[in-house]
Amino acid sequence: MNIHEHQAKELLKQFGANVSKGVVVFSLNEIDEKIKQINSKKYVLKAQIHAGGRGKAGGVKLCSSLDELKDRAKNLLNKVLVTHQTGSEGRQVKRLYIEEASDIEKEFYLSCLVDRASSKIAFISSLEGGMDIEEVAKHSPDKIVTTRVGLVKKLSDENLEKIVLPFKLSSKPKEQAKITAQSIYDLLVQKDASLIEINPLILTKEGEVKCLDAKISFDDNSLFRHPDIKALRDLNEEDPMEIEASKYDLAYIKLDGSIGCMVNGAGLAMATMDIIKFYGSEPANFLDVGGGASKEKVSAAFKIILSDKNVKGILINIFGGIMRCDVLAQGVVDAAKEIELKIPLVVRLAGTNVDKGNKILKDSGLKIISASNLGDAAKKVVEATS
């Protein structure tokens, strides 16, 4: 789960990091009252959407007066902002963040994330921060330093020194940078975040180290432990189909292809997507119905796939262990009849109650294409939609 910048900064402040004073507004009428909380003659206006690249897309504006701020806010609020991360459809700006402007001496990059490859927490630091960090990573990877740490209560001074070393700071700012590093580590561990990115982390002309921007992603599976974090969820920033899938505990991610996939097990789902690509098409989604799905859950999953207008055919690939093939088959049949399925459907079943499942599909009266194995299934669905 992602959250907005203003929410991320509030959390960072709670954990001891230094952030600029700011306020969030949902309407233009709020500006006059809330701006009183900021003691500054210059302001930074920021569109709040769950996507990077806002600055290059015109979603971040420096304002030299309150009148200029109001004028720019009027143009930005409710605007559809298109960045390299939103896709061509963009995102509508439904809230704005206003913060005091900072005199920037230098910009850095700092992030903290769960590194699954090493089973540790990794800090990534760079002297080059700001809007072009992707270009730095691509063309000057030597300017990016990774420091991996184990799960500890407090980071050692040795590790903190490694994390902030690339910034080349003098003694006082260096200590502030260490405090920031410890703060984001504590936040990541205590709130089950998977990524915290500060880009840029800045050194001001007054010698202060500040988090000028912030992005935080949380592990969805841990949200039951953190109702305060779950309350920060903004459904306006999520795909409607993914929201619907979450109601049924379905692992669903929308993609850009034309072949809808329903699979049980993440590994099998990934293999199914790969083999669809191998045969020349693109998956429209990742969807794992899980090991013990009910008929209702399967039916819901099927309807979610069909709600995607880009889907031209569906591949169902089930290896029944805990998941019974007859339960899957009945859920698919019920949903297909309710929606009046009009696109090709290829089904490959194996495992528990496979004979019962195949009989349900055969007796359904639906035009279902059976497949004997995964390769056969992928080939048939691609041919049927070509």
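Taking only protein heavy atoms into account and a 1.4 Å probe, give the accessible area per residue of the chain in Å².
49 Å²
With a 1.4 Å probe and every protein chain left in place, tell me how much accessible area residue 169 has, in Å² to the nearest 10.
Approximately 30 Å² of residue 169 is accessible to the 1.4 Å probe.
Of all DSSP beta bridges in the chain, what percent run antiparallel (nearest 5)?
So the antiparallel bridges in the chain amount to around 75 percent.
Report the Rg/Rh value for region 233-372, based on alpha-carbon coordinates and the Kirkwood definition of Rh.
Rg/Rh: 0.94.
If exposed GluC sites (Glu not before Pro) are those in a DSSP loop with at most 13 other Cβ within 10 Å, what is the longest stretch of the chain that has none?
Excluding the exposed sites themselves, the longest stretch runs over 207-339.
Equivalent-ellipsoid semi-axes (√(5λ), Cα gyration tensor) for region 171-306, whole Å, largest first?
Values for region 171-306, descending: 40, 18, 13 Å.
Regarding the chain, what's the average projected area of the Cα-atom convex hull, expressed in nm²?
One quarter of the hull surface, i.e. the mean projection, equals 21.6 nm².
Using every alpha carbon pair in region 293-338, what percent of pairs falls into each 5 Å bin from 0 up to the bin containing the largest distance?
Whole-percent P(r) values from 0 Å outward: 5, 23, 32, 24, 12, 4, 0.
For residue 205, go through the aspartates and glutamates and keep the ones whose alpha-carbon is under 18 Å away, minus same-chain ones fewer than eight residues off.
In chain and number order, the partners are 99, 100, 103, 105, 107, 128, 175, 213.
State whether region 81-133 is rounded, prolate or oblate according to the following rule on the C-alpha gyration tensor (a ≥ b ≥ c being the square roots of its eigenvalues): a/c under 1.5 gives rounded; otherwise a/b larger than b/c gives prolate, and the remaining case gives oblate.
oblate
Carbon and sulfur together cover what percent of the accessible area of the chain at a 1.4 Å probe radius?
Its accessible area is 50 percent carbon and sulfur atoms.
In the structure shown, do any of 277/337; 21/70; 42/174; 79/191 have a Cα-Cα gap over 21 Å, and if so which?
277/337; 42/174; 79/191
The values are calculated or read from the model by the stated rules, or taken from the named source; none is laboratory data. Note that this is a predicted model, so its numbers are computed, not measured. When we count neighbours, we look across all protein chains shown, and the Cβ atoms used for this are built from the backbone with ideal geometry, even at glycine. Please note that ligands, DNA and RNA were not included when accessible areas were found on the heavy atoms of the full protein model with its side chains. Shrake-Rupley method; radii C 1.70, N 1.55, O 1.52, S 1.80 Å.
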